[in-house]
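Only the coordinates and a few stated rules stand behind these numbers; no lab work does. Note that the structure is predicted; figures quoted are calculated from it, not measured. Using ideal geometry, Cβ is built from the backbone for each residue, glycine included, and neighbour counts are taken over all protein chains shown.
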Amino acid sequence: MEWNKFTPLQKKTPQEIIEDAIMGFDKATNDLAHLLLIKKNDLSKVNSRLNNNFEFELLLYSKYLDGYNFKVFEFGFNIDLYPVSVIIEPAIFDQLNYYSASRSSVSFETEELFLDCITKIFSSERFKTITGGVMKIAAKQLENDMI
């Protein structure tokens, strides 16, 4: 049997889309707030609502606020990359006008639809408010640490 040559898919993975999207966030917040993309391990996937081969969560945090983080969303995909399943923080989800029978969980069939969702999440009033709050408290903490 003679095999045809195989090539990698030309699509960006959902992970790559998020990594590109969060680039520059630290600078935009004057290094007071950060976004951290975490790949879930097998143990953390046990109770997951996603049921995908590859699962991640995106956390908002500040290095100046010990113990605080805010889960913006989690997402998962399988080896064929799409669809990608996304579970969005409920208050952000409410602002996005998505319909879902499963509260705050949506699925996107294409790279473009997923990117559109991410853009809406980062533009939501809830995300802006939480980020602003983190920045305010982190700046105050940083100021107190310098005294």
Kindly state, to the nearest 0.05, the FRET efficiency for T119 paired with I38, given R0 = 25 Å and r defined as their beta-carbon distance.
-> 0.75
With a sphere of radius 11 Å drawn around the Cβ of L65, what net charge do the other residues whose Cβ falls strictly inside it have (Lys, Arg +1; Asp, Glu -1)?
-> +2
To the nearest 10 degrees, how steeply does helix 111-123 sit against the main Cα axis of the chain, on a 0 to 90 scale?
-> 10 degrees
Hey, what did the chain get for relative contact order, percent, Cα under 8 Å, at least 6 apart?
-> 21 percent
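For E143 and N4 in one chain, what is 0.36 nm times their gap in residues minus the Cα-Cα distance, to one decimal in nm?
Extra length from E143 to N4 when fully extended: 43.8 nm.
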Given pairs K5/K71; K40/K120; K12/K140; K27/K71; K12/K136 and cut-off 32 Å on Cα-Cα distance, the over-length ones are K5/K71; K12/K140; K12/K136
Over region 6-84, relative contact order from alpha-carbon pairs under 8 Å, at least 6 apart, % | 25 percent
Rounded FRET efficiency, nearest 0.05, which uses the C-beta distance separating D26 from E112 and R0 of 30 Å | 0.70
Provide the FRET efficiency to the nearest 0.05 for the D80-S102 pair, computing r from the beta carbons and using R0 = 30 Å.
-> 0.90
